[in-house]
Amino acid sequence: MLGTAPRERPPQGESNGFKLLKPYIGTPFNAVMTFACLWLIYRMVAGAWGWLVTRAIVEGGPQTCKAAAGAGACWPFLAAKLRFMVFGFYPYDEHWRPALAVLLFLGAMIVSMIPRFWSQRLLWLWLTVVVACGVLMYGGLFGLSVVNTTSWGGLPLSFMLSSVGLAFGFVLGVLLALARSSKLPAIQVIAVVFIEMVRGVPLVSILFMASVMLPLFMPDGVTIDKLLRAQVAIIIFAGAYIAETVRGGLQAVPKGQHEAAAALGLGYWLSMRKIVLPQALKIVIPPLVNIFIGFFQDTTLVTIIGLLDFLDTVRSAMRDPAWQGIAVLEGYVFAALVYAVFSYGMGSYSRFIERRLKTDHSHGRSG
């Protein structure tokens, strides 16, 4: 008759309760550190909630917030300055125009993110939206008054600089990546020199050169709009960074794919468009999204050349003498929320695309 195995006893000084919790808290020292971190997180969340909600001032004006200085957030500041923070110095009575332009832009973006609408019709949709947004923002047609680009600012300007810069920068980056991977020495050297020169300097330097130095090389009487100069600088800078990311994807595509394309008799451009580039771009989706998020946030640097992007309109609103010293963090909290929402949206969509492409790839193999 076999005897039962003796019941294991916990080590000396270790209770049964601690043994149950050990997989979650580890050693006693780790347990102390865990509870200390949880306590700090609780204190921070409680303090933030109190400042944002329970002790916040929701009605009144500057005097009301000043009387309760330090108690909580001054949300009347956002109510008074919201339109300026969003639209900048665009004429107040014409704010419906940039608002409609942003809605058209976001609508086209949402449609473009739905896979069943992926077709050549999207090109016509974006062409229509871009022209409509340009007419709405600048005016001059359909009885709309002209608003020069010097008055553009806020969220519409940030959207335009980042979206147009990344769209054209992506095309430029793909071409540069193909050029750097080319077997033609002259094309390869030109691409390498361009990419390394652009990547070797910060975006601030390129914006400064585009704004200050470029006009020096133009003929007398010829001027280029400041907004256009900043847009070109962002396109060039984005293209250089996207080029290196895409080149990494091209190198990750197995050599057999190139050989298979050659065996089918496909030319260079057809094999790249049909076989190699789709695989390379699928590989580099995560780093590309990181670049997109970074450049959406880096549009704040255009303030050094006199353009008021969204973050700078927030700073300008906080420098209003009526609110100065009263609203210290409220504007930055609002700006952080806006940037966080759009950055999280881009990240979530990239994960959706990755899952969809993996699913399509697995279905293709099973078929």
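A few remarks follow.
- Test: residue in the range 314-326 that is open to solvent by 20 Å² or more (accessible area, probe 1.4 Å), within 16 Å of L161 (Cβ to Cβ), at pLDDT 85 or above and part of a helix (DSSP H, G or I): no
- Residues considered: V174, V193, V222. Of these, the only one that is modelled with pLDDT of 90 or more and more than 30 Å from L104 (Cα to Cα) is V193.
- Applying a threshold of 9 Å to beta carbon distances and a minimum spacing of six or more residues, or different chains, the list of pairs starting in the range 296-324 at a residue that is closer than 15 Å to T149 by Cα and ending at one that is open to solvent by 50 Å² or more (accessible area, probe 1.4 Å) and among the polar types (S, T, N, Q) reads G306/T150; L307/T150.
- For L266, the conditions (1) open to solvent by 40 Å² or more (accessible area, probe 1.4 Å); (2) in a helix (DSSP H, G or I) all hold with the exception of (2).
- Here V86 meets each of (1) of a type outside the set (D, E); (2) at pLDDT below 90; (3) touching a Ser or Thr at 6+ places or on another chain (Cβ under 8 Å) with one exception, condition (2).
- Within the range 44-62, the set of residues being within 31 Å of the chain's Cα centre (by Cα) and part of a helix (DSSP H, G or I) comprises M44, V45, A46, G47, A48, W49, G50, W51, L52, V53.
- Residue list for the range 98-129, restricted to those being part of a helix (DSSP H, G or I) and under 21 Å from R351 (Cβ atoms): L106, M109, I110, V111, S112, P115, R116, F117
The values are calculated or read from the model by the stated rules, or taken from the named source; none is laboratory data. Given the structure is predicted, the values throughout are model-derived calculations rather than measurements. Cβ: placed from backbone, ideal geometry, glycine included. Neighbour counts: every protein chain shown. For accessibility, only protein heavy atoms count, side chains too; no ligands or nucleic acids. Shrake-Rupley method; radii C 1.70, N 1.55, O 1.52, S 1.80 Å.
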